[in-house]
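Structure first, then comments.
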Amino acid sequence: MANKWPVLNNPPVEVALFQLKFEMGDTKLNDFLKCDVELRKLLPNRNDTIEASINLPSSSIPLGTSKFSGTSNAKLANYVYYSADQKCKLAITEGSLTYTDERKYVGWEEFERLICQYLTILAPVLEKHIINRTSIRFINQFPLVEFSDPTEYFKTLVSSAENGVPYPLIKYGFKLVLDVREGVYSIVNQNLDKMPDKYLYIFDIDVLNRSNLIFDINSIRTVLQELRDIKNNIFFNNITDKIIESCN
């Protein structure tokens, strides 16, 4: 039976991200343009990034304006589709697909629905490809009026000896890498910044599954559900009731 998590009327999610890493095989980056028309129905704008290296013959450079001749090697690096407000993006590179949503978070069901919608569009190109990493990342932000006692808000903390440093805290951060099971792990970053009128606490959770699977939307959906459960376990087991109340 699925876990029952507290309902947050005002989720603190600032950025929700999904990523696939896959083996390209014989597929070329421009093969994804077969899906361009359908992708533009959801994300109407597209930027193409070109990477180039320039080789110049070795020579001394005189002062002033000079002309040089050389060779360049340019290639297409990625396609980035994005919404009119640029808060929703889909980046396609050689071997990776990254969906980023910075709009107001309305819930997991909508986030998962959009991921599957994009994967359905891209399926003609991605089918039979080996997926070697699936991940989600949620960047949460909590505005706090005061932060004199961190234990009022969070359960995973960096502590020092009592009466150790006699100066007020204005910024700190730490990173955790959690070994969930073989092939599945999480990278958690927590950071605090003192603003003029408040504290901003960033709780950044990245959950990754490195298991290989053949591209299949139902299989990816199953992996996503597991990643979500892990993310929620980390999130809700780290915050106190006081933080939950601030999100409702």
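The values are calculated or read from the model by the stated rules, or taken from the named source; none is laboratory data. Note that the structure is a prediction, hence the values are computed from the model and not measured. Here Cβ is always computed from backbone atoms with ideal geometry, including for glycine, and neighbour counts include all displayed protein chains. The protein model used for the area step is the full one, side chains on, heavy atoms only, and it has no ligands, DNA or RNA in it. Shrake-Rupley method; radii C 1.70, N 1.55, O 1.52, S 1.80 Å.
Things to note:
- Among the residues of the stretch 167-189, the one identified as outside any strand (DSSP E or B) and either charged (D, E, K, R) or in contact (Cβ under 8 Å) with a residue 40 or more places away in the chain (or both) is GLU182.
- Pairs with Cβ under 6 Å, 6+ apart, first in the stretch 8-31 and over 15 Å from PHE111 (Cα atoms) and open to solvent by 30 Å² or more (accessible area, probe 1.4 Å), second polar (S, T, N, Q) and assigned to a strand (DSSP E or B): LYS21/SER96; LYS21/ASN132
- Close pairs from the stretch 101-117: first more than 18 Å from GLN19 (Cβ to Cβ) and open to solvent by 10 Å² or more (accessible area, probe 1.4 Å), partner hydrophobic (A, V, I, L, M, F, W, C) and in a helix (DSSP H, G or I), Cβ under 7 Å, at least 6 apart: none
- Residue in the stretch 175-190 that is open to solvent by 80 Å² or more (accessible area, probe 1.4 Å), more than 21 Å from the chain's Cα centre (by Cα) and hydrophobic (A, V, I, L, M, F, W, C) present: no
- Conditions (1) closer than 22 Å to ASP216 by Cβ; (2) at pLDDT 95 or above; number of the one not met by LYS128: (2)
- Residue in the stretch 102-146 that is nearest to ASN238 (Cα to Cα), counting only those that are assigned to a strand (DSSP E or B) and touching a Leu at 6+ places or on another chain (Cβ under 7 Å): GLN141
- Positions within the stretch 44-100 being modelled with pLDDT of 70 or more, among the polar types (S, T, N, Q) and either loosely packed, with under 10 Cβ neighbours inside 10 Å or in a loop (DSSP other than H, G, I, E, B) (or both), in sequence order: THR65, SER83, GLN86
- The residues in the stretch 234-248 that are in a helix (DSSP H, G or I), in contact (Cβ under 8 Å) with a residue 40 or more places away in the chain and not small (Gly, Ala, Ser) can be counted, and the count is 6.
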